[in-house]
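Notes follow once the structure below has been shown.
The values are calculated or read from the model by the stated rules, or taken from the named source; none is laboratory data. All values derive from a computational prediction rather than experimental measurement. Don't worry about glycine lacking a Cβ; one is built from the backbone with ideal geometry, like all the others, and counts go over all protein chains shown.
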């Protein structure tokens, strides 16, 4: 599901300039996948909606909007 999409997009877009993702904060694909495992689908939907609706104010990027723990699969 979302991990497969992220895996495909990592290969295609890693390092590409974008306002939505701070690639330098995801030094490995596994780091990105671990972060996604900590999010529920509804949380991913809310983040995507926020980035879409508030694009101008959300240009600081993602993932620096939250902290995640891949061991407990929790984020805040």
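Looking at region 13-29 only, could you name the residues that are loosely packed, with under 12 Cβ neighbours inside 10 Å, on the phi < 0 side of the Ramachandran plot and either at pLDDT 90 or above or outside any helix (DSSP H, G or I) (or both)? Don't jump to the end; show me each part of the working.
We begin by selecting, within region 13-29, every residue loosely packed, with under 12 Cβ neighbours inside 10 Å; these are 15-17, 24, 27-28.
With the extra rule that they be on the phi < 0 side of the Ramachandran plot, the set shrinks to 16-17, 24, 27-28.
If the condition is that a residue be loosely packed, with under 12 Cβ neighbours inside 10 Å, on the phi < 0 side of the Ramachandran plot and either at pLDDT 90 or above or outside any helix (DSSP H, G or I) (or both), then 16, 17, 27, 28 are the ones that fit.
Annotation note: Cβ proximity below 8 Å between a residue of region 30-52 that is on the phi < 0 side of the Ramachandran plot and in contact (Cβ under 8 Å) with a residue 40 or more places away in the chain and a residue that is crowded, with 18+ Cβ neighbours inside 10 Å and in a helix (DSSP H, G or I) (sequence gap 6+ or interchain) occurs for 44/36.
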